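The values are calculated or read from the model by the stated rules, or taken from the named source; none is laboratory data. Predicted model, so just to flag it, every value in this text is computed and none were measured. As a convention, Cβ positions derive from the backbone with ideal geometry for all residues, glycine included, and neighbour counts pool all protein chains shown.
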Amino acid sequence: MPPTNESFVHFGGYLTLRVMPASSDDVLGMVFFARVVEARSFTLPAAKLGVSKANFSMRVRALEEELGVRLLHRRARKLALTSEGAALYERCVRVTAATDEVVAHAAQTANLWSGRAFEVAFDAPHCSAR
């Protein structure tokens, strides 16, 4: 099938990438990336989400490799966004917000039903053993 216009995305006005359907790893990488940018650190968001700093860094690096672009300039004790990273961050904020909304809705739904007792009645003919 030939690619359609929806198969391409532009970052920074000059970089064109072929877009494949996002996997759960892609979404997680985008969420991790957004959290790193917001905290300007790998350590704080990793601790907040209960993930090792190494795993956090690995997810962001995997996202960079999948996209074929560097998203962050990593220097000793300092992170800076690349132009491609800034363009992607704008989109990752929306992905992160949508993910947070889904998680909050799921938690709210679970709380709504937790602790409720249900009575189930079955109507069945009585059988006696001889």
Any hit, segment 48-69, residues being in contact with an Asp or Glu (Cβ under 6 Å, 6 or more places away or on another chain) and outside any strand (DSSP E or B):
yes
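If you check ALA62, ALA39, ALA34, which single one turns out to be modelled with pLDDT of 90 or more, in contact with a Cys (Cβ under 8 Å, 6 or more places away or on another chain) and closer than 20 Å to THR99 by Cβ?
Values: ALA62 fails: in contact with a Cys (Cβ under 8 Å, 6 or more places away or on another chain); ALA39 fails: in contact with a Cys (Cβ under 8 Å, 6 or more places away or on another chain).
Answer to the selection: ALA34.
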Which count do you get for residues in segment 63-86 that are among the aliphatic types (A, V, I, L, M), out of contact with any helix residue (DSSP H, G or I) (no Cβ under 6 Å at 6 or more places or on another chain) and within 21 Å of ASP25 (Cβ to Cβ)?
1
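Criterion first (within 26 Å of ALA22 (Cα to Cα), modelled with pLDDT of 90 or more and assigned to a helix (DSSP H, G or I)) does ALA86 satisfy it? Give the steps one after another, and end with the answer.
Numbers: within 26 Å of ALA22 (Cα to Cα): yes; modelled with pLDDT of 90 or more: yes; assigned to a helix (DSSP H, G or I): yes.
Here the answer is yes, as ALA86 does meet what is asked.
Those residues that are without any contact (Cβ under 8 Å) to a residue 40 or more places away in the chain, out of contact with any Phe, Trp or Tyr (no Cβ under 7 Å at 6 or more places or on another chain) and of a type in the set (A, V, I, L, M), I need them from segment 40-68; list them, please. So that I can check it myself, show each step before the final result.
Here is the first cut: in segment 40-68, the residues without any contact (Cβ under 8 Å) to a residue 40 or more places away in the chain are 40-65.
From the residues that got through so far, the ones that are out of contact with any Phe, Trp or Tyr (no Cβ under 7 Å at 6 or more places or on another chain) too are 40-41, 43-44, 47-52, 54-55, 58, 61-62, 64-65.
If the condition is that a residue be without any contact (Cβ under 8 Å) to a residue 40 or more places away in the chain, out of contact with any Phe, Trp or Tyr (no Cβ under 7 Å at 6 or more places or on another chain) and of a type in the set (A, V, I, L, M), then LEU44, ALA47, LEU49, VAL51, ALA54, MET58, ALA62 are the ones that fit.
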